[in-house]
Amino acid sequence: MNSIEYILFITFIGAGLTFIVHHALPKLRDTLAILVSALDLYFVIQAISEKSKVVLSIADFHLIWKTTPYNNLFAVLIAVLGFLTILYAHDFMSSKDRLGYFYMNFLFALGGMYGIVYSQDFISLFFFWEIMTWASFLLVIYCCKDAQPIGLKYFVFSAIGAYSLLIAIVMLYSLSGNLELTNLISNFSNFSVSNQLIVVTLLLLGFGVKSAIMPLHVWAPGAYFISPSPFTALFSGALSKMGIFGIGLVLFKFAAQSGYFSYVQIILAWIGGITALLATFYAIFQTDAKKLLAYSSIGQLGYIIIGLAIGTPLSIASALFLTILHAAFKAMLFMATGAVYFRTGTTDMNSVSGLIRKMPFSFITALFGIITVSGVPPLGGFAAKWMLYESLIQSRHYFLVIVVFAASTAAFLYLYRFIFSLFLGQEEKEWEDVKEAPLLMVIPMLILSAFVLVVGVFPGLILDPISQSMNYLGNFNFNYETSVLFNEWGNQVDMQTVVNTIGAVFLIVGLIITFKGFKKTRYVSTKDIHTSGEIPQENENLTYAVDFYKPFERAIAPILKSSIDKIYTGIANNLEQAFDYLRYVYTGNGQTYAMYVVFFLSLLILFAELIFGINL
Amino acid sequence: MEINWSTILGIIFTPIIAFIVGVTYGGLTRVITARVQNRYGPPIFQNLLDIIKLYSKESNINHGVMQHLGPVFAITASVTTLFFVPVIKDSTVFTNFSFHGDLIFLLYIMVFGSLGMALGAGQTGNPNSAIGVSRGLSQLVGYEVPFVMALVAIMIQFQTTNLNDLLAVQDHFTKWIIFQSPFAFLAAILAFLGMMGYAPFDVVIAPAEIASGPPSEFGGKYLGLMLTSRSIFTFAKLVLFTDIFLGGASDFITLLIKTFILYMIPVLTGIVFPRYRTEQSIRFFWSWPLFFGIIAILVVVF
């Protein structure tokens, strides 16, 4: 057996085993899940050097799994994130029930993702796509009864995506008689233009649902909000990236061959831009930390879509860079929020506040997370944003770059609100006894924090595998060094100099300010503040959290009025009425149905010649 | 990056000069404001004296690590911004690291300080600070958009994102970018009003309303550090605008003249205008400045 076989075998058998073990030996269940994900990680790395390939022939269909540089990039992302989230889940889920169900679906989702990225044919891709969708659906509805409508929404949109994928796959098969990726790619230019466009649109639609691009995003805020935090980290970090994986493949392997590619590019780029901007605006006004992060996640995927759609080497590099980075920082933020939830039982930003001194490690993780999202140097987010802006400007997308910039500046608002509401602000008596999250939850968070720091200083470390996978996607070359980024005009940003400067100034000033009369200062509580001479009482509420951005809301009120979700709800309500009329047809009376059958048969016989070309 | 004597001299002297110039400009502002209001006003070096006094004071209390580090974040951003802007054109000493970073980097490092400060202000738990931060960040979104439009127009026009290349383009005063793309300048200078935080865009600190907002819990050495940072940052922003639009400066006298003229725009505007509410100032930035920004980009494209 080679590595890919091991990965799929171990994950799926492991998923089944955890479910069985849960009933027999509950204590072994978590260890087994961690072991499975660790083994996956090992074999994913093995597979890179091994160049594994698996071919399975069933009834003249060849199912192929193979490693390519592009696949490996995503496989490593899934494996690392899968391992860390399962590690995190051990303590987080410890007080929950139905853990066999949880871990089984978790591992099924992982296995589905491995299957998707290694697939080299559309049958196995679709098969694993459905496994992943089902497993994630079952985890979305894991928590409680409230999850039902949210799960339904997720399911309906996943179904829309799956059907468009299926139709595209059937079309591809009927056009070329083959479903192997390599064959399809070489045959694609022979299809008629309209067929090319339909296939590309359907595939983009199918993959777009998972990556939650607007207007297909409405399932995401609810689904991210309601699913348990360890899975949310994987959901937003890795699962949504499967859409990106597919979109990258479709764009550069298929769409690039068609004459309409530039139109597809510009439409997709603008969809990404609008997604980024609107999702950011929605994120600003959320009151729940997880919902805020969910909208933020949608927005970040918008940037990735833009990067892919622009299609210059630098923009694709930024998209893939952000793909990896988003997996890291969104997992960090969801984990930190999860840690807060674990200790306080809520993620409502209006009620939790002032946890910084109680949960320092979660705070550091959240801080690193928001710095990375905001794109402020010296952490990794800066390199991604820099490459995106430069490529947008140099490919002459003047107004799109403004939209992107407005979105990422507005992102400061929700990021600050996130960290301020949970960790800073007044230290309320209610949260006096809160402690730091358990060690096994803190370790994954700190590993990811270290990762974004290292990537910020040496972006070249992950630009190496990225440039390899870009060479697989097409002939894309761009210039970079381990810590220096270049744009297409030859201007540079030297991260080493930047980090040295920031570090040196920060250290010098920090040390001076610390040692200047440090011993004489004492810590005072957050009630001991300047309040124009009034002394705040012990029970007086000084927290400023509700309607944090009211002035901004007033300023952009016109934009927020319309919501795509409302339109969908309107359609759904209208459909419900329409289906009411259908009740007159389905009377529930057997004789009526028999009459329908007779009626239908007579119609068939009447029009037999027209439909089947035969004369009865 | 090779280290030699001119680099070291630049690293040592640029912040010192920036601080002295910034502090003096601050003092001058107070005098000018006073004269407009028919008062005598404090001496020009009052701000410097204030800062010295603040440093010599003993601080008795702190609100925790982030509050302690907030002003450090602010000054880190100010000094780093300064180091990546060429202060004197073609000088070996005062170009510092400007070849290793570009305009987009500067855009981001400029907000680094405000965000660090916001975190520090957040930990104090003072509701006034939080209100100030909320207003400040909202206003930031307002003025960054026209500012970026102006920069994008310039970057496209001259096919570079590096300040030194922009300086090289403006080798004669007729070629200053203020004349080459006036609409970009208009958009940028209106955004600059917001950036400097004088009236009508001083809702962030709003002295008589929210007790100076974010810095309200900072005193002694912390306030001293913040004022230092503010002086350096003012100078850095002025030099940045001089470099972009006014062709930079080859000696200190020219630099002082150009930066002073630029500085007087927000100061004199501030004296005669009352305060905008936050949503009003956002709407302002998204009306005329945005319009000028769009024109600037369209002019470049066609």
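At-a-glance table
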read-out: Count of the stretch A:389-409 residues which are facing chain B (nearest Cβ under 8 Å) and either surrounded by 24 or more Cβ atoms within 10 Å (Cβ to Cβ) or on the phi < 0 side of the Ramachandran plot (or both); value: 10
read-out: Residue satisfying all of: in the stretch A:421-433; in a helix (DSSP H, G or I) and either of a type in the set (D, E, K, R) or within 18 Å of B:I131 (Cβ to Cβ) (or both); nearest to the other protein chains (Cβ to nearest Cβ) among these; value: A:S421
read-out: Residue under evaluation B:Y108, criteria (1) more than 27 Å from B:Q123 (Cβ to Cβ); (2) without any contact (Cβ under 8 Å) to a residue 24 or more places away in the chain, criterion not met; value: (1)
read-out: Hits in the stretch A:367-382 - residues which are among the small types (G, A, S), more than 11 Å from chain B (Cβ to nearest Cβ) and outside any loop (DSSP other than H, G, I, E, B); value: A:G369
read-out: Cross-chain or 6+ apart pairs with Cβ under 7 Å, the stretch A:56-71 first and within 16 Å of A:N178 (Cβ to Cβ), then charged (D, E, K, R) and buried (at least 16 other Cβ atoms within 10 Å of the Cβ); value: A:H62/A:D121; A:H62/A:E180; A:L63/A:D121; A:I64/A:D121; A:I64/A:E180
read-out: Qualifying positions in the stretch A:1-30 - in contact with a strand residue (DSSP E or B) (Cβ under 7 Å, 6 or more places away or on another chain) and charged (D, E, K, R); value: A:E5
read-out: Positions within the stretch B:32-51 being surrounded by 13 or more Cβ atoms within 10 Å (Cβ to Cβ), over 20 Å from the mean Cα position of the chain (by Cα) and part of a helix (DSSP H, G or I), in sequence order; value: B:A34, B:V36, B:Q46, B:L49, B:D50
read-out: Residue satisfying all of: in the stretch B:247-284; buried (at least 22 other Cβ atoms within 10 Å of the Cβ) and farther than 27 Å from B:A208 by Cβ; nearest to the other protein chains (Cβ to nearest Cβ) among these; value: B:G248
read-out: Any chance A:A256 is of a type in the set (A, V, I, L, M) and either more than 24 Å from A:F329 (Cβ to Cβ) or part of a helix (DSSP H, G or I) (or both); value: yes
read-out: Qualifying position, being more than 9 Å from chain A (Cβ to nearest Cβ) and either in contact (Cβ under 8 Å) with a residue 60 or more places away in the chain or within 26 Å of A:G456 (Cα to Cα) (or both), among B:S98, B:S114; value: B:S98
read-out: Residues being of a type outside the set (A, V, I, L, M) and buried (at least 17 other Cβ atoms within 10 Å of the Cβ) - total across the stretch A:10-34; value: 8
read-out: Given (1) β-branched (V, I, T); (2) at pLDDT 70 or above; (3) part of a loop (DSSP other than H, G, I, E, B), number of the condition A:I614 does not satisfy; value: (2)
read-out: Given (1) buried (at least 22 other Cβ atoms within 10 Å of the Cβ); (2) within 14 Å of chain A (Cβ to nearest Cβ), number of the condition B:V21 does not satisfy; value: (2)
read-out: Count - residues of the stretch B:140-176 that are of a type outside the set (A, V, I, L, M), more than 9 Å from chain A (Cβ to nearest Cβ) and out of contact with any Leu (no Cβ under 7 Å at 6 or more places or on another chain); value: 10
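Yes or no, residue by residue, for (1) surrounded by fewer than 17 Cβ atoms within 10 Å (Cβ to Cβ); (2) within 14 Å of chain B (Cβ to nearest Cβ); (3) outside any helix (DSSP H, G or I):
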| site | (1), (2), (3) |
| --- | --- |
| A:A411 | no, yes, no |
| A:I419 | no, yes, no |
| A:K435 | yes, no, yes |
| A:I443 | yes, no, no |
| A:P465 | no, no, no |
| A:F476 | no, no, yes |
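The values are calculated or read from the model by the stated rules, or taken from the named source; none is laboratory data. Note that the coordinates shown come from a computational prediction; the quantities given were computed from them, not determined experimentally. Glycine gets a Cβ as well: all are built from the backbone with ideal geometry, and neighbour counts include every protein chain shown.
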